[in-house]
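This report concerns only the one structure given below.
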């Protein structure tokens, strides 16, 4: 019998954090801030073409587990770039539409692909975007409104 030859070489896990790990970390922090009146979950699925889809959802257990999808991101097996798939950026959210060139690029992408699909190329871009999204006035308004309903 012939000895087996290993053609795989060394396989070393990537050093960057995955978007899923970052989202789960942030989701776990919300319940503590709201005394578990509003929680966050991250649900993952895979599309037929192999894209990972992560949905970041706010959940209010006391309101029959009411769910509000805050945003959805998608990425391939390569992890980056990430596409922010379910958020319409606004000038108020700090995502760049105040810049006329960025606005034109997003309008063009919408015409071509049918989706705004904000692209985040690196872990740092994703973390920066996520920080702005979670701490935005819009997100805080949604959470405050859910808290008011949860305590009514």
Cβ-Cβ FRET estimate between residue 32 and residue 145, R0 fixed at 25 Å, reported to 0.05:
0.80
Arrange 151, 5 by Cβ neighbour counts within 10 Å, fewest through most, would you?
5, 151
Cβ-derived FRET efficiency at R0 35 Å, residue 46 paired with residue 66, nearest 0.05
0.85
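Read-outs throughout are calculated quantities, based only on the coordinates presented, and are distinct from any laboratory measurement. Note that the structure is a prediction, hence the values are computed from the model and not measured. Virtual Cβ from ideal backbone geometry, glycine too; neighbours counted across all protein chains shown.
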